[in-house]
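**Student:** First, the structure itself, so that you have it in front of you.
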Amino acid sequence: MTVIKQNIPRQRVRAAALLLALLLFPITMNYLSPYLIIDSAAGGTINASLVVFGLLFLTAFIFFGRAWCGWICPAGGLSEACFPIQNKPFNSRLKWIKWLVWGLWLAAIVLVAYSAGGYHAVDLLYKTETGISISEPFMYMMYYFVLGTFITLSLTLGKRGGCHTICWMAPFMILGRKLSNLLRLPGLRLKAEPGACTACQRCTAACPMSLEVHHMVERNRMEHSECILCGSCVDTCPRSAIHFRVNGP
């Protein structure tokens with residue numbers, strides 16, 4: 001087992017990375033678009049967002065879990081920007097919504113691609129010929145619709161409300177991680193030292209995904225499908241009861 005020690009102000013770096021991802025969203029939006037996958041599938045074309053989502057599954061499976069969500073997701077950066085306004089924990093009973101959204105969306109992709117006779121072309125700049133997503137007035141409306149949706153869900157449902165309820169990317173990473181755990185592959189994980197925990201619950205308060213981290217530490221079970229490996233609990237714990245590690249489940 002390899003334990004990763006903190007040598008830099010990690011949460012400042014993470015906040016800067018999320019801010020940069022959010023600022024770049026006018027460029028990257030189409031590369032993360034669930035709609036363009038359906039639209040391109042109608043012509044039998046593999047587009048950039050389909051490739052990106054496949055890579056999210058692959059990286060979660062190989063090593064990183066849901067670290068994308070915690071470090072470079074523009075919607076995650078926007079959601080965390082809402083924390084000073086609304087910092088209440090998210091109601092975990094609504095997490096099933098994203099699986100319904102994802103399932104219906106995936107079924108639509110399969111149906112449309114099948115109707116087109118399958119995939120027979122690759123165009124990574126499909127409807128993004130300039131390489132920049134926001135290149136015409138209509139795309140500004142889509143851009144602000146996405147921003148408004150995630151802001152509304154964060155302010156009404158609690159911390160990272162959109163990540164929990166409508167994110168179409170999270171299921172790829174959750175399933176990738178579950179498959180990795182099933183095969184007992186090594187990856188980036190959290191490790192707990194229950195004996196060092198004083199039940200101060202700072203880790204739970206700091207968790208942007210509203211997880212009961214102190215209970216996870218007490219049970220010495222740090223693997224959770226909603227954990228985004230942001231390290232907030234690691235950097236908040238005054239007794240160093242939580243660490244990053246590279247190991248199997």
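The values are calculated or read from the model by the stated rules, or taken from the named source; none is laboratory data. Just so it is clear, the model here is predicted, and its values are computed rather than measured. All Cβ positions, glycine included, derive from the backbone under ideal geometry; neighbour counts span all protein chains shown.
**Student:** Report, ordered by the first and then the second residue, all pairs with beta carbons closer than 6 Å, sequence separation of six or more or different chains, a first member in segment 113-139 that is at negative phi, and a second member that is acidic (Asp, Glu) and surrounded by fewer than 12 Cβ atoms within 10 Å (Cβ to Cβ).
**Tutor:** Every condition considered, no pair remains.
**Student:** When you scan segment 124-142, how many residues do you find that are of a type in the set (D, E, K, R) and surrounded by 13 or more Cβ atoms within 10 Å (Cβ to Cβ)?
**Tutor:** So the count comes out to 1.
**Student:** Something else about it: Exactly one condition in (1) modelled with pLDDT of 95 or more; (2) out of contact with any strand residue (DSSP E or B) (no Cβ under 6 Å at 6 or more places or on another chain); (3) not hydroxyl-bearing (Ser, Thr, Tyr) is false for residue 91; which is it?
**Tutor:** (1)
Here's the yes/no breakdown for (1) modelled with pLDDT under 95; (2) among the aliphatic types (A, V, I, L, M); (3) buried (at least 18 other Cβ atoms within 10 Å of the Cβ):
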residue	(1), (2), (3)
147	no, yes, no
151	no, yes, yes
161	no, no, yes
173	no, yes, yes
234	no, yes, yes
237	no, no, yes
241	no, yes, yes
248	yes, no, no
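**Student:** Residue 218 is checked against (1) surrounded by fewer than 16 Cβ atoms within 10 Å (Cβ to Cβ); (2) among the acidic types (Asp, Glu); (3) touching a residue at least 40 places away in the same chain (Cβ under 8 Å) and fails just one. What number does that condition carry?
**Tutor:** Only one criterion in (1) surrounded by fewer than 16 Cβ atoms within 10 Å (Cβ to Cβ); (2) among the acidic types (Asp, Glu); (3) touching a residue at least 40 places away in the same chain (Cβ under 8 Å) is unmet by residue 218, namely (3).
**Student:** If I ask for residues that are surrounded by 14 or more Cβ atoms within 10 Å (Cβ to Cβ) and not basic (Lys, Arg), which ones from segment 176-194 would you list?
**Tutor:** If the condition is that a residue be surrounded by 14 or more Cβ atoms within 10 Å (Cβ to Cβ) and not basic (Lys, Arg), then 176, 180, 181, 185, 186, 187, 188, 190, 192, 193 are the ones that fit.
**Student:** Is one or more of the residues making up segment 99-118 under 23 Å from residue 207 (Cα atoms) and modelled with pLDDT of 95 or more?
**Tutor:** Residues of segment 99-118 that are under 23 Å from residue 207 (Cα atoms), as a first pass: 99.
From the residues that got through so far, the ones that are modelled with pLDDT of 95 or more too are 99.
Yes, segment 99-118 has at least one match.
**Student:** With segment 106-219 as the region, which helices (runs of 4 or more DSSP H) entirely inside it contain at least 2 residues that are among the polar types (S, T, N, Q) and farther than 24 Å from residue 54 by Cβ?
**Tutor:** Details: elements: 137-157, 161-165, 170-182, 202-206, 213-219.
Counting at least 2 such residues, we get 137-157.
**Student:** Checking residue 2 against (1) within 26 Å of residue 206 (Cα to Cα); (2) of a type in the set (Val, Ile, Thr); (3) modelled with pLDDT of 95 or more, which single condition isn't satisfied?
**Tutor:** All conditions pass for residue 2, except number (3).
**Student:** Right, next: Looking only at segment 195-211, decide whether some residue is within 19 Å of the chain's Cα centre (by Cα), more than 26 Å from residue 22 (Cβ to Cβ) and surrounded by fewer than 21 Cβ atoms within 10 Å (Cβ to Cβ).
**Tutor:** Scanning segment 195-211, I find no residue that is within 19 Å of the chain's Cα centre (by Cα), more than 26 Å from residue 22 (Cβ to Cβ) and surrounded by fewer than 21 Cβ atoms within 10 Å (Cβ to Cβ), so the answer is no.
**Student:** May I ask you to list pairs of residues, at least six apart or on different chains, whose Cβ atoms are under 9 Å apart, with the first in segment 195-207 being within 24 Å of residue 92 (Cα to Cα) and among the β-branched types (Val, Ile, Thr) and the second being modelled with pLDDT of 95 or more and not in a helix (DSSP H, G or I)?
**Tutor:** From segment 195-207, the pairs are 204/89; 204/210; 204/211; 204/212.
**Student:** Can you confirm whether residue 121 is modelled with pLDDT of 95 or more, loosely packed, with under 15 Cβ neighbours inside 10 Å and within 17 Å of residue 41 (Cα to Cα)?
**Tutor:** Values: modelled with pLDDT of 95 or more: yes; loosely packed, with under 15 Cβ neighbours inside 10 Å: yes; within 17 Å of residue 41 (Cα to Cα): yes.
Judged against the criteria, residue 121 is a match.
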